[in-house]
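The structure appears below as structure tokens.
The values are calculated or read from the model by the stated rules, or taken from the named source; none is laboratory data. All values reported here derive from a predicted model rather than from experimental measurement. No Cβ is skipped: glycine too gets one built from the backbone with ideal geometry, and neighbour counts run over all protein chains shown. Heads up: the accessible areas ignore ligands, DNA and RNA and are worked out on the full protein's heavy atoms, side chains in. Shrake-Rupley method; radii C 1.70, N 1.55, O 1.52, S 1.80 Å.
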Amino acid sequence: FTPTATYPASTNIQVRLLNTITDVAGNTLLNPQNFTFRTAVGPDSTPPTVEAVCPVAGTTGLGTNAIVLARFSEPIHPESVNASSFRVADDEGALVPGTIAFSRGDRMVTFTPAEPLDPETVHTVTLSSRIIDLGGNAIDPASLTFTTGPGADVAFPEVLSVNPVNGA
């Protein structure tokens, strides 16, 4: 659902999901829901920030099976993230094809390459100002590089320590 107009500031909005809602097979919603939310005092004018990117800038020896994660300070508008706004390129500038997925309330974006990354190659991740939050505010552009190693990372993770210790 996309509203046709901006909701008024400082207003309670009631949402009703009725049992007239059906899926593509014609099955009706089993448990109708009612919920309410309150709009903010004014329009959202705070741009989202890039809180973290993995791999970290300058990482070397990364497996050719690596994925790229970007975490934002607030939910990102999913339609604003695509191959032109979230770019992964090799050292010749060729875009790496892949898929983009969202998690953690649209605050985490995961890029998964369609094929293994080129080995021993510098890759550039570019996040453009075309990435916006739900209020239409753009991020400050960000760019980083990482270098892949000779092959895929096939090592299993292991627990080195825990805190608190067992039985504490």
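Based on Cα contacts under 8 Å between residues 6+ apart, the stretch 1-136 shows a relative contact order of 23 percent. If r is the Cβ-Cβ distance from residue 161 to residue 103 and R0 is 22 Å, what FRET efficiency results, to the nearest 0.05? Result of the calculation: an efficiency of 0.20. Between residue 6 and residue 82, what's the calculated FRET efficiency when r is the beta-carbon distance and R0 is 25 Å? Round to 0.05. Given R0 = 25 Å and the Cβ-Cβ separation, E is 0.50. Within the listed set 139, 13, 131, the Gaussian network model of the chain (springs between alpha-carbon atoms below 10 Å) gives the highest mean-square fluctuation for 13. Nonpolar atom fraction for the chain, defined as the carbon and sulfur part of the 1.4 Å probe accessible area, stands at 55 percent. Loop-located GluC sites (Glu not before Pro) in the stretch 66-166 (DSSP state not H, G, I, E or B) with no more than 16 neighbouring Cβ atoms inside 10 Å: 92, 120, 158. Put a dot 7 Å past the Cα of residue 41, heading toward its Cβ, do the same for residue 19, and the two dots end up 4.3 nm apart. Beta bridges per DSSP, both residues in the chain: antiparallel share near 95 percent.
Looking at the chain, the accessible area is 67 square angstrom per residue; that uses a 1.4 Å probe and ignores ligands, DNA and RNA. Our analysis of the stretch 43-124 gives Rg over Rh at 0.99, with the two radii drawn from alpha carbon positions and Rh computed by the Kirkwood formula.
Each residue was assigned an accessible area with a 1.4 Å probe, and for residue 159 the value is about 120 Å². Each distinct pair of alpha carbons in the stretch 24-168 adds a 1/r term; the inverse of their mean, the Kirkwood radius, is 17.8 Å.
Loop-located chymotrypsin sites (Phe, Trp or Tyr not before Pro) across the stretch 1-77 with a Cβ neighbour count of 10 or fewer within 10 Å are 1, with loop assigned by DSSP.
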